[in-house]
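Here is the structure we will look at.
The values are calculated or read from the model by the stated rules, or taken from the named source; none is laboratory data. Computed from a predicted structure; not experimentally measured. Here the Cβ positions follow ideal geometry from the backbone for every residue, glycine too, while neighbour counts run over all protein chains shown. To get the accessible areas, we keep the full protein, side chains included, count just its heavy atoms, and leave off ligands, DNA and RNA. Shrake-Rupley method; radii C 1.70, N 1.55, O 1.52, S 1.80 Å.
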Amino acid sequence: MKRAGFISTILFIALVYANCKHKKNDVSPAIDFIKGQIRSIDSSVDPIIELASRTDSTYDTTNLNREQFNDLAKEFSEAPDISKKFGGKYKEERMVDNDLGQAIFISTTDDKNLEIQRQEIRVTPDEPFSKINSVYLEKFKNTPDSSMIKRMTWYADWKFQIVTLTQKKDGAENTSIVEVIWKDKKDN
């Protein structure tokens with residue numbers, strides 16, 4: 001029984017890997033995927049809503065037009081595509097989560113000079129194509145007076161979220177959360 005589970009896990013990884021069409025030392029093209037999602041949202045008629053945290057339990061809700069959506073989505077679409085520009089500077093790890101039925105492709109770097117510190121792509125394999133469920137990007141930026149970490153998650157065909165953690169040199173901390181939703185979860 002354990003042998004059958006092991007073999008199915010290996011086949012699962014091979015299927016996902018083949019469907020992602022990786023080149024050697026390339027990471028999945030997450031940014032290209034997100035740009036495709038943005039194009040489809042631009043041509044949809046679905047309303048777009050922004051939820052911005054004001055306190056731990058209070059959010060401002062705003063209806064966005066396509067231009068406002070594109071401005072917020074630039075955090076993702078203008079992020080460097082680490083598969084094209086920074087080959088070899090990231091370690092790639094592939095995992096399978098049997099409970100969720102997903103393959104997870106994780107890319108990390110120890111180079112603090114690179115904007116993208118971590119990228120995770122969660123994929124559900126399905127014949128004949130695999131489906132990307134989410135893309136997580138972690139950005140780091142150091143300035144003379146503060147450091148900032150952005151934890152950004154793009155949920156395919158549904159929403160994106162940007163959590164910004166700012167630490168000032170004087171010790172002041174700030175956390176902001178912005179969530180942009182263009183589809184109801186039950187529609188996915």
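Being acidic (D, E) and open to solvent by 70 Å² or more (accessible area, probe 1.4 Å) is the filter here, so list the residues in segment 91-121 that pass it. Steps first, please.
Keep residues of segment 91-121 that are acidic (D, E), which gives 92-93, 97, 99, 110-111, 115, 120.
Residues satisfying the conditions are E93, D99, D110, E115.
Take the conditions in contact with a strand residue (DSSP E or B) (Cβ under 6 Å, 6 or more places away or on another chain) and either under 18 Å from W154 (Cα atoms) or not in a loop (DSSP other than H, G, I, E, B) (or both) and apply them to I34. Does it pass?
Numbers: in contact with a strand residue (DSSP E or B) (Cβ under 6 Å, 6 or more places away or on another chain): yes; either under 18 Å from W154 (Cα atoms) or not in a loop (DSSP other than H, G, I, E, B) (or both): yes.
Considered against the rule, which asks whether it is in contact with a strand residue (DSSP E or B) (Cβ under 6 Å, 6 or more places away or on another chain) and either under 18 Å from W154 (Cα atoms) or not in a loop (DSSP other than H, G, I, E, B) (or both), I34 comes out as yes.
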Only one of I41, I49, I82 is at pLDDT 95 or above and among the hydrophobic types (A, V, I, L, M, F, W, C); which? I49
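Limited to segment 144-188, what total is found for residues that are among the aliphatic types (A, V, I, L, M) and in contact with a helix residue (DSSP H, G or I) (Cβ under 8 Å, 6 or more places away or on another chain)? Before the answer, list the steps.
Residues of segment 144-188 among the aliphatic types (A, V, I, L, M): 148-149, 152, 156, 162-163, 165, 172, 177-178, 180-181.
Within this subset, residues satisfying the condition of being in contact with a helix residue (DSSP H, G or I) (Cβ under 8 Å, 6 or more places away or on another chain) are 152, 156, 162, 178, 180.
Counting residues in segment 144-188 that are among the aliphatic types (A, V, I, L, M) and in contact with a helix residue (DSSP H, G or I) (Cβ under 8 Å, 6 or more places away or on another chain) gives 5.
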Being of a type outside the set (F, W, Y), under 20 Å from K183 (Cα atoms) and within 18 Å of the chain's Cα centre (by Cα) narrows it down to one of D71, D81, D97, D60, so name that one. D71
